[in-house]
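So the structure is just underneath, and the comments pick up after that.
The values are calculated or read from the model by the stated rules, or taken from the named source; none is laboratory data. Predicted model only: the values in this text are computed from it and were never measured. Positions of Cβ are generated from backbone atoms using ideal geometry, with glycine treated the same way; all protein chains shown enter the neighbour counts.
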Amino acid sequence: MLAGGADAGFAASLNKAAQVSARADLVIVADACTLPPGWLDRMHDAAYADAILAGATALAVGAGEDLFSGFDGDPVFRGRFAPLGVRLAANVPGSPPEHQGKSQTAPLHPRIWTLWPHCAYVRRDAIELLDGFDVSLEHPAAVLSDFAARALGAGLSCALADDVCVERLAGGLAPCPEAEVKALARLHPWLEAARRDESALGLGPLRRSLLRARVARTRPSITIDARSLGLATGGTQTYAAALPLALARSERLAIRVVVSRNDAPSAVVDEFERAGVEVVSYEQAAAGLARTDVVHRPQQVFTASDLRLLRMLGERIVVTQPDLISYRNPTYHHSAEDWEEHRRRTRLALAAVDRVIFFSEHARTDAVAEDLIEPGRTAVAGIGVQRPDEGAERRQPAAVPLGRSLLVMIGADYMHKNRLFALKLVDELRRNHGWDGLLVLAGAHVDHGSSAEAEAELLGARPELNAHVLDLGPVPEPEKRWLLEHAQALLCPSTYEGFGLTPLEAAAAGLPCIYAACTSLSEVVGPEAATIVPWDAAASADGAVGLLRPGEQRDEHLAALAAALRRADWEPIVERLHQVYADAIAAPYRSAYQSAFPRSWDGLEREQLIADLDAAHGRIAIAHRDLQQRVGHGLPLIDRGGMLTIAQQKGLVRVASRPWLKGVLLAPFAFIGGLTRPRSGGADADEGPG
C-alpha cells in the first residue's frame, strides 16, 4: 500500500512495489481520507467480482475538488454527488453514523471507466498483463486513469466498490496538471468521451449504486404530488392530505409536497409546514427543482405532462393506482377518443414507473389481470384513517335542518357510486319501515358519467320521496365533520371501490355504514357487517333498518367496523410504504432489462406532443374564425389576385382614415352594400367568400 508518490515518481513507485511484492495485489490510497471498517475485504471482493476486472475503486464523500479540470457531473446528482467520477459529493450533516461506509443492500459492483487514487484495488494479473504503470505520467489520477484505459483496450474493466465509502479530507491530493490531462487525451482520445458518458449517469447499475449509497448515508427524500388538493372533496383528496403527514410522523424521510397554490386549502398547507414538510408550488416544480430520491403520485396518472413532471421531481417514480373505473368506463370521459387516450396513457404510465401501489388486493389483481403491470412491481398499502380531530372546526350546512334523522352519503355523483339505489333504499325505509328522516347527498356533480339526470327523473316521478332528499353538492371539510357527527349512518351503495373509505370513516365517527360487500369493500371491511343485498332495495331496507336504532344488530355492526378501523391504522401502512420506496430505489432501472421501457417514455413524449399540437390547432382555429369574422368580406378585394391593386388599397386606407373624406366618398358604397340579391344557386350575396 502506498500513501502518495515517492521521489522516483508515483508510477515508478507503484512498479517497484509490484516488483518486490511477488504475486500480491496492490491497494493504493493516494489521497487524504478515512477508511471504514472492513474496507479492504470489500475492496478485494469488488475487484474479484468478475474474471474480466482489472481492479476496483471505492466510493468517496467529503472535501475535495475534481482531480481533472473541466469534468462535471450530472445535474441530477449535483449537490449530492461529486463531479469526481462516480464519487459522492458531500457528507450530509447529520447522516446516521451507523450508515457510514455501509451499503444499503448487496453491492452491484457496476463497471466504471477509470480507477481513482483516493482508494483503488489493482489486481496482480492486470499488472502483469499491462506491464505495470506508465512512468511518463506523474499525477496519481493520471497514472491510474491511463492504467484503466489500457486495461479496457486489453479486454478488462474496472468496478465500483459501491459497498465501500471513504471520506475525503480537506488538504488532500491537488488536481491533475493540465499537461498530464492533455497527455492522457493524446494517449486515449476516447477517454474524455467515456468520462462524459459516465458523468451523464444514464439509467443503469452505476446510477442505481450511487442512489443507493446516497440513501444509505442520509434520510431518503421523497416528493408527494398533491396537486389534487382543493380540486374536490373525496377519497383522493383525503389520501393526498393525510399521506405526507403520516410519513412525516415516522421521521424517516425528508418530505417535499407539490401543491397548486391557487387550489390547496391554506389549513392543509399550514399543517404540512408545521409537520416539517417542505411545500412548493406547481410553478416552482415545473421550473426545475433538485430531484428527490423518490417521487410519489398518490393518484392515477391522467396526462403525459403528469408523468413528465414526476420524472423531473424524483429519481425513482411510485404511483398509486386506486382502481380501473375510468380505464374501463367510456361514459366517464368527454368522448370515445378521450377514453381511448386515457386507456393508452394508463398503459404507458404503468409500464414506465418503478412501483405501483394499490389500496386493496382486489384492485391489484384487477390491474394484473388486465396485463397492465407484472405482479413484481406492485404493492398493496391501504389508507390510514384517524378519528376526527376534536378541535377541528365543525359547521352546520345552511340547508340542513336540525331535529331530523339524517342518512348521509358522501362522494361525487358518478354512476358507480349508485346514488340511484340510495334513493330507492330510502324510499323503501320511508314507505315500509316508517323512517321519516332526510337523505343528505354531499359530493361534487361530475361532467361525465353523472347520475344526476336519472336522479332528477326518479325524484320528479316520486314527489313524496323528493321531500326526503337534500343534495348539498360538494361540501367543505368543516361541514363534512358536522354531517359525520349528526348522521344516523353513512350510506355506501357503491358497485366498485378500489378501497372503500366510507365504512372506515363511519367507524372513526362511531356511525354505522350501510354498504354492500362488493369488490374491495368485502376485503377491507368484510362481508359480515354488510346489509345491502345487491341490488334489492326492499331486502336491503329490511337489513339496514336495525342499524338506525339502538340494539344488538347495531352494536355488532359497530364492533365489526371498529375492527376494520384498527386494521387501517397509519403506522403499519407507513411501514409498507417505506418498503415500497426502498424497493423502488434498489430495483434495476427498467431500461436495463426491459426493452418496452424506453418505448413507454417515447410514447409518453409522443402523447405530450399530440396534446400540444391539438391545443395549438385549437388556438389557430379560433384565431382563424375570428379573422374570418373580421375581414372575411374584404378578402376578395385584397387577397392575392384580388379586385384591388396595392395602390388602390392604399388609396382606400387614406380615404377611410380621414373622417370628412370617408363620409362623402364611401357613403354610396355603404348604400350599395346594404342591398341584397340572390346569387345563382341561392346563396346570399352578403355571405362573402366561401
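Checked against (1) modelled with pLDDT under 90; (2) under 26 Å from Leu425 (Cα atoms), Gly510 meets all criteria but (1).
Would it be correct to say that Glu523 is in contact (Cβ under 8 Å) with a residue 40 or more places away in the chain and within 16 Å of Ser405 (Cβ to Cβ)? When the stated conditions are applied, Glu523 does not pass them. The condition of being modelled with pLDDT of 95 or more and either within 21 Å of Tyr589 (Cα to Cα) or more than 18 Å from the chain's Cα centre (by Cα) (or both) holds for only one of Thr233, Thr223, Thr218, that being Thr223. Among the residues of region 581-612, just one is aromatic (Phe, Trp, Tyr), modelled with pLDDT under 65 and assigned to a loop (DSSP other than H, G, I, E, B), namely Tyr593. Determine, yes or no, whether Ala30 is assigned to a loop (DSSP other than H, G, I, E, B) and surrounded by 21 or more Cβ atoms within 10 Å (Cβ to Cβ). Judged against the criteria, Ala30 is a match.
I'm trying to understand the selection: among the residues of region 140-191, which are over 27 Å from Arg217 (Cα atoms) and outside any helix (DSSP H, G or I)?
Passing the criteria: Ala154, Gly155, Leu156, Ser157, Cys176, Pro177, His188, Pro189, Trp190.
Only one of the numbered conditions (1) under 27 Å from Pro588 (Cβ atoms); (2) charged (D, E, K, R); (3) out of contact with any helix residue (DSSP H, G or I) (no Cβ under 9 Å at 6 or more places or on another chain); (4) not in a helix (DSSP H, G or I) is violated by Arg196, and that is (4). Within region 378-387, identify whether any single residue is assigned by TED's automatic domain parsing to the domain that holds Ser326, over 16 Å from Tyr239 (Cα atoms), buried (at least 16 other Cβ atoms within 10 Å of the Cβ) and at pLDDT below 90, and answer yes or no. Within region 378-387, not a single residue is assigned by TED's automatic domain parsing to the domain that holds Ser326, over 16 Å from Tyr239 (Cα atoms), buried (at least 16 other Cβ atoms within 10 Å of the Cβ) and at pLDDT below 90. Of all residue pairs spaced 6 or more apart or on separate chains, those with beta-carbon atoms under 8 Å, a first member in region 470-495 that is in the same structural domain as Asp413 (by TED's automatic domain parsing) and within 22 Å of Ile325 (Cα to Cα) and a second member that is assigned to a loop (DSSP other than H, G, I, E, B) and of a type in the set (Val, Ile, Thr) are Pro474/Thr233; Pro493/Ile532. Residues considered: Thr495, Thr502, Thr519. Of these, the only one that is polar (S, T, N, Q) and buried (at least 23 other Cβ atoms within 10 Å of the Cβ) is Thr502. Taken residue by residue, region 307-322 has at least one member that is part of a loop (DSSP other than H, G, I, E, B) and out of contact with any strand residue (DSSP E or B) (no Cβ under 6 Å at 6 or more places or on another chain).
Consider region 523-538 and keep the residues that are at pLDDT 90 or above and aliphatic (A, V, I, L, M). The one that is surrounded by the fewest Cβ atoms within 10 Å (Cβ to Cβ) is Ala538.
Specify the residue that is surrounded by the most Cβ atoms within 10 Å (Cβ to Cβ); the eligible residues are those in region 388-412 that are small (Gly, Ala, Ser) and in contact with a helix residue (DSSP H, G or I) (Cβ under 8 Å, 6 or more places away or on another chain). If we take residues in region 388-412 being small (Gly, Ala, Ser) and in contact with a helix residue (DSSP H, G or I) (Cβ under 8 Å, 6 or more places away or on another chain), then Gly411 is surrounded by the most Cβ atoms within 10 Å (Cβ to Cβ). Taking the conditions (1) more than 35 Å from the chain's Cα centre (by Cα); (2) assigned by TED's automatic domain parsing to the domain that holds Arg481; (3) surrounded by fewer than 22 Cβ atoms within 10 Å (Cβ to Cβ) in turn, Leu439 satisfies each one other than (3). Ile638 falls short on exactly one of the conditions (1) at pLDDT 70 or above; (2) touching a helix residue (DSSP H, G or I) at 6+ places or on another chain (Cβ under 9 Å), and that condition is (1). If Asp555 passes every condition in (1) within 41 Å of the chain's Cα centre (by Cα); (2) surrounded by fewer than 18 Cβ atoms within 10 Å (Cβ to Cβ) but one, which one does it miss? Exception for Asp555: condition (1). Taken together, the residues in region 351-367 that are over 21 Å from His416 (Cβ atoms) and in contact with a helix residue (DSSP H, G or I) (Cβ under 7 Å, 6 or more places away or on another chain) amount to 6. Of all the listed residues (His468, His433), the sole one being over 25 Å from Gln300 (Cα atoms), buried (at least 18 other Cβ atoms within 10 Å of the Cβ) and out of contact with any Ser or Thr (no Cβ under 7 Å at 6 or more places or on another chain) is His468.
Quick check: anything in region 395-415 assigned to a helix (DSSP H, G or I), aliphatic (A, V, I, L, M) and at negative phi? Yes; the residues of region 395-415 include at least one that is assigned to a helix (DSSP H, G or I), aliphatic (A, V, I, L, M) and at negative phi. Within the span defined as region 358-370, one or more residues are surrounded by 15 or more Cβ atoms within 10 Å (Cβ to Cβ), in a strand (DSSP E or B) and touching a residue at least 12 places away in the same chain (Cβ under 8 Å). Selection of region 420-473 for residues being more than 18 Å from Val400 (Cα to Cα) and either polar (S, T, N, Q) or outside any helix (DSSP H, G or I) (or both) yields Asn432, Gly434, His445, Val446, Asp447, His448, Gly449, Ser450, Ser451, Arg462.
Do we have Leu504 as part of a helix (DSSP H, G or I) and within 31 Å of the chain's Cα centre (by Cα) here?
yes
Thr346 satisfies every condition listed in (1) under 18 Å from the mean Cα position of the chain (by Cα); (2) under 21 Å from Leu229 (Cα atoms) except (2).
For region 436-454, indicate whether the set of residues that are polar (S, T, N, Q) and at positive phi is non-empty. Within region 436-454 (the criterion being polar (S, T, N, Q) and at positive phi), the answer is no, since none of the residues qualifies.
Residues checked against (1) within 15 Å of Leu348 (Cα to Cα); (2) at pLDDT below 90; (3) of a type in the set (Gly, Ala, Ser):
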site: Ser281; (1), (2), (3): no, no, yes
site: Thr292; (1), (2), (3): no, no, no
site: Pro298; (1), (2), (3): no, no, no
site: Leu307; (1), (2), (3): yes, yes, no
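Considering each residue of region 172-188 in turn, none proves to be touching a residue at least 12 places away in the same chain (Cβ under 8 Å) and either among the aromatic types (Phe, Trp, Tyr) or touching a strand residue (DSSP E or B) at 6+ places or on another chain (Cβ under 6 Å) (or both).
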